[in-house]
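The values are calculated or read from the model by the stated rules, or taken from the named source; none is laboratory data. All of these numbers come straight from a predicted model, not from anything done at the bench. Glycine gets a Cβ as well: all are built from the backbone with ideal geometry, and neighbour counts include every protein chain shown.
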Amino acid sequence: MLKYLLKRLGSTVLILFGATLLSFVIMINTGDPLADLREMQSDNVEYLMQERIERMGLDQPWYIRYWDWLSGILGCFGGSCDFGTTMTGAQVTPVIMAAAEQSLRLVFVATIAAIVIGVLTGIVTAMRQYSLLDYLVTFFIFLFWSLPVFWAAVLAKEWLAIRYNDWMMEPHFTWTNILVLATILAIFVPMVLGGNAKRRLITGGIMFAFVCAVLPWMNAVNFMTHPRLGPVIILIGSLMLAAGFTALIAGIRNRRVLYSGLTVVALGMVAYYATWNLLQDPPGGWLFLGAMFVLTIAICVVIGRSMGGHARGQATAVSVLTGALMSGMILLDHFMYHWPGLLSAKPRPVSTIGSHTPTLDENFWVTALDQMTQLWLPSVLMALLSLATYTRYTRSSMLEVQKQDFVRTARAKGVTERTVILKHAFRNAMIPLVTIVAFDFAALISGSIVVEQVFGWNAMGNVFITGMQTNDPAPVMAFILVTGSVAVLFNLLADILYAVLDPRIRV
Amino acid sequence: MELRKLSAATAILASGALVLSACTPGDDTGGDNGDTNGDNGAANGDADPGDAEGQEFTVEPEDGGKADLGDDFETAEDEISVSLGPQPFNSYNGLTPSNYNVYNSTIVDRLFDGFSYVGTDLEIYTNEEFGSYEVISEDPFTVEYTINDEVEWSDGTPVTVADYVLDWGTSRYIGEGMFDGISPNFGTYVPDGPQAESYDSKTFTVEYPDGAYADWELMVQYAHPSHIVAQETGIEQEELVDAILEGDEDMIEDIAETWNTLWETDPGTLPDEDLIPSSGPYILSDWQDGEYVTLEANENYWGTPPGVSTLVFQFVDNAAHVQALQNGDLNAIVPTETVDTRTELENLVEQGQHAMHVGDKATWEHLDIQYGEGSPFAETPELAEAFALCVPRDQILENLIHPVNPDAELQNAREVLSFQPNYDEIVAETYDGQYDTADVEAAAEIIEEHGAEGTEILIGHNGQERRHDTVELIQASCGEAGFEIEDGGDVDIDIAAGEWDVALFAWAGSGQIASGLNIYGWDRENDEPRPQNWTNYNNDDVSDAFETIATSDDEDEIQEQIIALEQAMWEDLHGIPLYVHPGITAWDSSIANVRPTPAQSQLVWNVEQWQRVAE
């Protein structure tokens, strides 16, 4: 394995070297970096041109210029990267760092959302092949897929930002809203859950009643402006999770597993109260929250292993899952607690431009909420646009695998349908998907140019476009190097994942 | 005169991208020329180009200059967001070649007050709160400047002649190893620099030994803090002044090194706040590279306080402006000038929360005819008339400009724009409407006469959509007359190299009077075209007129010379002016005192007067 990895890393470096060399030579031979000066009306143009020629080394042969650039990059191995300077003499390194961070924020959430939703939808549509649900999903997926980004962005801004903000001025669900939403869910949810006609009718009815009860309650407690989960909902939710996971993984009669789950819930409630004040202003922000989460998981593992007895594996799984989701609920509750704070600083919460609000000077939670509301529009857009690929690939891959002999064998020996789908079919269906994910991630980083422009983010795409327009090689090369590295690295990761997922592959 | 970018690259940036070049420090404001000095805001009978429906004022302006807001005007705890386009902020020092552009100026102009500014009527107005200036001698031409006593930097240091000596130094000692300045003009025309009693005087004189210079009012504008530069160089302010005035090269090199590098930081990081004091109403407070710059009101400002405590300049693609305005993310915008934008904004204005303005920009589109070698007009100059006759100017205006700005007129001059007060007077004497409408038959006759049927004409431009449409209209009309028009917008040609028969582009005005010399003049000493005379145009009368203008400060004489040169250029058919570019601006109508201007200082030219008022 180690030898394979080293071999792959070696070829990765070679590929990057070739790619940068090629693009550098093409870059410096297209366009005129002096174009703006040639059209400048000033008495010192000659001097300015000479100065720029010397600064950018325009009079040097290509291999010397490439070497100059490369030697800065090679500094990365010594711990000090130097991506060179732009045409105006500004350092590219801080620019590209900031842009990469922005791009990652922009792309990461969208990609994760697209993968999770896309794969789930794919599985469901594969299970209900040729049903009304299947056709409906296919229709909408392709509709999203074929939308031009800039136009979809205009629609998203209109409906998800401007109209939502208008509504948020006085948020209130009318009975028309409630009935329409209830009807849609009453039709849609049974389609997903399936079952015979009677069961569908019951799920539909429950769904309808549920919506008709919850939305008026939300109106009554001003949920849209002052949302809270509160200890009661967190407790009930966590207890349901603990019981549910136990039932799924070990069976509800396995008391040791159930008790470890319940212990986690109890400790979680204690922690919820104990850390409330500390978390009001978490020292170190996200890092601190991350550390808290790791600690939580570690405690859950300890509880599972010590209380689980002979079923300690299952107990650990249950307590870790319960603990993780309960942390999520507590986090959500904190965010909800600060939502009114965001609304008072920013009465129209969803903006159509920018990565954050310029003059917002608030605590950690409000700042984070602000970043999320700014991220919301571009993320939804990018996720919707790449949803199609995941859904369709998962669906066809699942359908193919389900027809294979080993799935039939598993069914024949009486394995439950859930195990067949998740353990036998899905795991194998994932293999081709891994390649797509790897490709898509790199494509998303470089392909967010339009989204950045439309939403006024200054991320990687912007650096690239600006560099191209001014025929400035350093920023363009930095873009190529960073996105190129991400692309080859993710391909490498995909290959390694193959070995993990597919027992037939040995390296 | 600033030049509208010709390369295809800029076309992608934004249709309204004005370019990054000019001649004199601080001349980024203003329009093309015309009568720039003299009677400020003379009544001209035309409506103020900045008037718009739904506009609010705290004090109605009397002329094209800034209104006097009164002594009780106070800064409100409030925030206003504005975007002019995606072009980012570069630096506090906007007077180096890499930082000097219209968009950087829109921000740094808020940090530095100067002696004058350009109003909505493109007249030059004196900034009376800052100081005053007057011509005290005609021979040698000498101007006396007085800075008001209370004028000081936000760190408490008074603004004095020392700052202007530094400003002069960046022009006098420009070049390698010296100041990375943008223009040698100040240093060349004023060889001795600003003269004063002592280094910290508030009064100084500027002497032009070679006679008057037409653009003298734009020569002395705002200055950088010389006390900061002196401190960072490790010398006293007095030493700095002496070194520059006496030409002590060693010390000037040190000072230049400081001035060149002091304010250059990584994009997104402002220099230390002690190093960037402000002499204007706002100070720089935050900078997110490529996204926004925020300005805070200068608490130690000596003039009328600015309207709001926080200004945010956002760098947003113009196509995203309307929705951002609607959502309140931006409060004042300059969207793309299209029919769609106009319609969207009209709907928005109807709801009563916003105001919009459709008007002119100080940028004008024209066709230049190449008389140099290789062009059909070089062999048979008479064909130029045939071409001018077949260009459907009225149709171009009607089809391409009227949908956006129904009030737009044909532009019939080069040195004065159609919305300026003296335009009608000048055009009445220089042009009688013979090329307003295409006369295909007359054009065909001339072509036949010279046996030039099927002559190919390459029209070079930067590939913008509107220019493609323009060429298409010309193709239809001139094709009928017998020319073969080729659209050069898709070909990679170097416009500045003159590789075309006709060029379609725009000049953006800068407020300078003398800049036309470089475009239309012939350098008779060296017998070569001047730097931007790409058509090799050589007419002694025109060169004479421009040379007279360049050394004149007499308004009547300048107008006379403009009439002479316009006549000659119509006669010679140097080129065919087409139209003035339309501009759209819109803002939240609760903000008072917003006044659009055609000048390049753009919508924000009086941003320190903006304030929200209760409706």
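Within the range B:167-201, can you find the residues that are under 23 Å from B:Thr157 (Cβ atoms), more than 14 Å from chain A (Cβ to nearest Cβ) and either outside any loop (DSSP other than H, G, I, E, B) or in contact with a Phe, Trp or Tyr (Cβ under 9 Å, 6 or more places away or on another chain) (or both)?
B:Asp167, B:Trp168, B:Gly169, B:Gly193, B:Pro194, B:Gln195, B:Ala196, B:Glu197
Only one of (1) out of contact with any Gly (no Cβ under 7 Å at 6 or more places or on another chain); (2) surrounded by 16 or more Cβ atoms within 10 Å (Cβ to Cβ) fails for B:Gly64. Which number is that?
Evaluating B:Gly64 over (1) out of contact with any Gly (no Cβ under 7 Å at 6 or more places or on another chain); (2) surrounded by 16 or more Cβ atoms within 10 Å (Cβ to Cβ) leaves (1) as the failure.
Of the residues A:Val415, A:Val488, A:Val500, which is at pLDDT below 80 and of a type in the set (A, V, I, L, M, F, W, C)? First the steps, then the outcome.
Details: A:Val415 fails: at pLDDT below 80; A:Val488 fails: at pLDDT below 80.
Exactly one residue qualifies, and that residue is A:Val500.
Out of the residues in the range B:319-353 that are surrounded by 23 or more Cβ atoms within 10 Å (Cβ to Cβ) and either part of a strand (DSSP E or B) or among the hydroxyl-bearing types (Ser, Thr, Tyr) (or both), which is nearest to the other protein chains (Cβ to nearest Cβ)?
By that ranking, first place goes to B:Ile333.
For the list (1) under 30 Å from B:Val322 (Cα atoms); (2) touching a Leu at 6+ places or on another chain (Cβ under 9 Å), I need the number of the one condition that A:Val434 fails.
With (1) under 30 Å from B:Val322 (Cα atoms); (2) touching a Leu at 6+ places or on another chain (Cβ under 9 Å) applied to A:Val434, the lone miss is (1).
Of the conditions (1) under 30 Å from B:Ala378 (Cα atoms); (2) surrounded by 24 or more Cβ atoms within 10 Å (Cβ to Cβ); (3) not β-branched (Val, Ile, Thr), B:Gln600 satisfies every one except a single condition; which number is it?
Going through (1) under 30 Å from B:Ala378 (Cα atoms); (2) surrounded by 24 or more Cβ atoms within 10 Å (Cβ to Cβ); (3) not β-branched (Val, Ile, Thr) one by one, B:Gln600 breaks only (1).
So that you can scan it fast, the table gives a plain yes or no per residue for (1) buried (at least 18 other Cβ atoms within 10 Å of the Cβ); (2) within 14 Å of another protein chain (Cβ to nearest Cβ); (3) at pLDDT 90 or above:
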position	(1), (2), (3)
A:Leu321	yes, no, yes
A:Met326	yes, no, yes
A:Leu331	no, no, yes
A:Gly341	no, no, yes
A:Lys346	yes, yes, yes
A:Gln371	no, yes, yes
A:Leu384	yes, no, no
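Residues that are in a strand (DSSP E or B), closer than 29 Å to B:Asp340 by Cβ, of a type in the set (A, V, I, L, M, F, W, C) and in contact with a Leu (Cβ under 9 Å, 6 or more places away or on another chain): does the range B:587-598 have at least one?
To start, the set of residues in the range B:587-598 that are in a strand (DSSP E or B) comprises B:587-588, B:591-592.
If we keep only those that are closer than 29 Å to B:Asp340 by Cβ as well, we get B:587-588, B:591-592.
Now restrict to residues that are of a type in the set (A, V, I, L, M, F, W, C): B:587, B:591-592.
Now narrow it down to the ones that are in contact with a Leu (Cβ under 9 Å, 6 or more places away or on another chain): B:587.
Yes.
Would you confirm, using the coordinates I've provided, whether A:Ala161 is within 14 Å of another protein chain (Cβ to nearest Cβ) and either out of contact with any Asp or Glu (no Cβ under 8 Å at 6 or more places or on another chain) or surrounded by fewer than 16 Cβ atoms within 10 Å (Cβ to Cβ) (or both)?
Working: within 14 Å of another protein chain (Cβ to nearest Cβ): yes; either out of contact with any Asp or Glu (no Cβ under 8 Å at 6 or more places or on another chain) or surrounded by fewer than 16 Cβ atoms within 10 Å (Cβ to Cβ) (or both): yes.
So A:Ala161 fits the description; yes.
Kindly state which strands (runs of 3 or more DSSP E) lie completely within the range B:42-156 and contain at least 1 residues that are aromatic (Phe, Trp, Tyr) and touching a residue at least 60 places away in the same chain (Cβ under 8 Å). Outline the logic, then answer.
On the way: elements: B:76-85, B:116-118, B:124-126, B:131-138, B:141-147.
Of the strands (runs of 3 or more DSSP E) lying wholly inside the range B:42-156, those with at least 1 residues that are aromatic (Phe, Trp, Tyr) and touching a residue at least 60 places away in the same chain (Cβ under 8 Å) span B:116-118, B:124-126, B:131-138, B:141-147.
Scan the range B:514-545 for residues that are within 14 Å of chain A (Cβ to nearest Cβ) and of a type in the set (A, V, I, L, M, F, W, C) and report the count.
The initial filter retains those residues of the range B:514-545 that are within 14 Å of chain A (Cβ to nearest Cβ), namely B:514-521, B:523, B:529-534.
Subsequent filtering for residues that are of a type in the set (A, V, I, L, M, F, W, C) retains B:514, B:517, B:519, B:534.
Of the residues in that region, 4 qualify.
Quick one: what pairs do we get from the range A:93-108, first residue in contact (Cβ under 8 Å) with a residue 12 or more places away in the chain and in a helix (DSSP H, G or I), second buried (at least 19 other Cβ atoms within 10 Å of the Cβ) and among the acidic types (Asp, Glu), C-beta under 7 Å, 6+ apart or different chains?
These pairs meet every condition: A:Val95/B:Asp289; A:Ala98/B:Asp289.
Evaluate the range A:131-144: report whether one residue or more is within 14 Å of chain B (Cβ to nearest Cβ), of a type outside the set (Gly, Ala, Ser) and free of Cβ contacts under 8 Å to residues at least 12 places away in the same chain.
Going residue by residue through the range A:131-144, those that are within 14 Å of chain B (Cβ to nearest Cβ) are none.
Checked against the condition, which is being within 14 Å of chain B (Cβ to nearest Cβ), of a type outside the set (Gly, Ala, Ser) and free of Cβ contacts under 8 Å to residues at least 12 places away in the same chain, the range A:131-144 yields no hits at all.
What about A:Leu181, is it more than 27 Å from A:Asp370 (Cα to Cα) and surrounded by 15 or more Cβ atoms within 10 Å (Cβ to Cβ)? It would help to see each step written out before you state the result.
On the way: more than 27 Å from A:Asp370 (Cα to Cα): yes; surrounded by 15 or more Cβ atoms within 10 Å (Cβ to Cβ): yes.
Yes: the conditions hold for A:Leu181.
Of the residues B:Asn538, B:Asn526, which single one is surrounded by fewer than 17 Cβ atoms within 10 Å (Cβ to Cβ), part of a loop (DSSP other than H, G, I, E, B), modelled with pLDDT of 85 or more and over 24 Å from the mean Cα position of the chain (by Cα)? Even if it seems obvious, please write down each step before you answer.
On the way: B:Asn538 fails: surrounded by fewer than 17 Cβ atoms within 10 Å (Cβ to Cβ).
Criteria check complete, one pass: B:Asn526.
Output the residues belonging to the range A:82-98 that are within 8 Å of chain B (Cβ to nearest Cβ) and touching a helix residue (DSSP H, G or I) at 6+ places or on another chain (Cβ under 8 Å). Quick ask: steps written out before the conclusion?
Initial filter on the range A:82-98 (within 8 Å of chain B (Cβ to nearest Cβ)): A:87-91, A:94-95, A:98.
If the condition is that a residue be within 8 Å of chain B (Cβ to nearest Cβ) and touching a helix residue (DSSP H, G or I) at 6+ places or on another chain (Cβ under 8 Å), then A:Met87, A:Gly89, A:Val95 are the ones that fit.
So, A:Leu193, is that one farther than 15 Å from A:Ser319 by Cβ, out of contact with any His (no Cβ under 7 Å at 6 or more places or on another chain) and at pLDDT 95 or above or not?
Working: farther than 15 Å from A:Ser319 by Cβ: yes; out of contact with any His (no Cβ under 7 Å at 6 or more places or on another chain): yes; at pLDDT 95 or above: no.
For A:Leu193, the condition - farther than 15 Å from A:Ser319 by Cβ, out of contact with any His (no Cβ under 7 Å at 6 or more places or on another chain) and at pLDDT 95 or above - is not met.
Limited to the range B:242-286, what total is found for residues that are touching an Asp or Glu at 6+ places or on another chain (Cβ under 6 Å), hydroxyl-bearing (Ser, Thr, Tyr) and within 14 Å of chain A (Cβ to nearest Cβ)? Give the derivation first.
In the first step, residues of the range B:242-286 are kept if they are touching an Asp or Glu at 6+ places or on another chain (Cβ under 6 Å); the result is B:258, B:260, B:262, B:267-268, B:277, B:279-281, B:283, B:285.
From the residues that got through so far, the ones that are hydroxyl-bearing (Ser, Thr, Tyr) too are B:258, B:279, B:285.
If we keep only those that are within 14 Å of chain A (Cβ to nearest Cβ) too, we end up with B:285.
Total satisfying the criteria: 1.
Any residue at all in the range A:168-181 that is within 14 Å of another protein chain (Cβ to nearest Cβ) and either touching a residue at least 40 places away in the same chain (Cβ under 8 Å) or out of contact with any strand residue (DSSP E or B) (no Cβ under 6 Å at 6 or more places or on another chain) (or both)?
From the range A:168-181, those within 14 Å of another protein chain (Cβ to nearest Cβ) are A:168-169; that's our starting set.
Next, only the ones that are either touching a residue at least 40 places away in the same chain (Cβ under 8 Å) or out of contact with any strand residue (DSSP E or B) (no Cβ under 6 Å at 6 or more places or on another chain) (or both) stay: A:168-169.
The answer is yes, given that some residue of the range A:168-181 is within 14 Å of another protein chain (Cβ to nearest Cβ) and either touching a residue at least 40 places away in the same chain (Cβ under 8 Å) or out of contact with any strand residue (DSSP E or B) (no Cβ under 6 Å at 6 or more places or on another chain) (or both).
Are any of the residues in the range A:123-138 crowded, with 18+ Cβ neighbours inside 10 Å, of a type in the set (Val, Ile, Thr) and touching a Lys or Arg at 6+ places or on another chain (Cβ under 7 Å)?
Yes; the residues of the range A:123-138 include at least one that is crowded, with 18+ Cβ neighbours inside 10 Å, of a type in the set (Val, Ile, Thr) and touching a Lys or Arg at 6+ places or on another chain (Cβ under 7 Å).
Looking at the range B:226-234, can you tell me whether even one residue there is under 27 Å from the mean Cα position of the chain (by Cα) and either crowded, with 22+ Cβ neighbours inside 10 Å or small (Gly, Ala, Ser) (or both)?
Within the range B:226-234 (the criterion being under 27 Å from the mean Cα position of the chain (by Cα) and either crowded, with 22+ Cβ neighbours inside 10 Å or small (Gly, Ala, Ser) (or both)), the answer is yes, since at least one residue qualifies.
Going through the range A:469-507 one residue at a time, which ones are under 20 Å from A:Gly89 (Cβ atoms) and either under 23 Å from the mean Cα position of the chain (by Cα) or touching a residue at least 24 places away in the same chain (Cβ under 8 Å) (or both)? Even if it seems obvious, please write down each step before you answer.
Quick first cut of the range A:469-507, residues under 20 Å from A:Gly89 (Cβ atoms) only: A:469-479.
A:Thr470, A:Asn471, A:Asp472, A:Pro473, A:Ala474, A:Pro475, A:Val476, A:Met477, A:Ala478, A:Phe479, listed by residue number.
So A:Val401 passes all but one of these: (1) at pLDDT 85 or above; (2) within 14 Å of another protein chain (Cβ to nearest Cβ). Which condition number does it fail?
Tallying (1) at pLDDT 85 or above; (2) within 14 Å of another protein chain (Cβ to nearest Cβ), A:Val401 fails exactly one: (2).
Of these, B:Ile147, B:Ile136, B:Ile124, which one is surrounded by fewer than 20 Cβ atoms within 10 Å (Cβ to Cβ), more than 14 Å from chain A (Cβ to nearest Cβ) and touching a strand residue (DSSP E or B) at 6+ places or on another chain (Cβ under 9 Å)? Break it down into steps so the answer makes sense when it comes.
Numbers: B:Ile147 fails: surrounded by fewer than 20 Cβ atoms within 10 Å (Cβ to Cβ); B:Ile124 fails: surrounded by fewer than 20 Cβ atoms within 10 Å (Cβ to Cβ).
After ruling out the rest, the residue left standing is B:Ile136.
Enumerate the helices (runs of 4 or more DSSP H) found wholly within the range B:356-435, keeping only those where 1 or more residues are touching a strand residue (DSSP E or B) at 6+ places or on another chain (Cβ under 9 Å).
B:376-379, B:383-390, B:393-396
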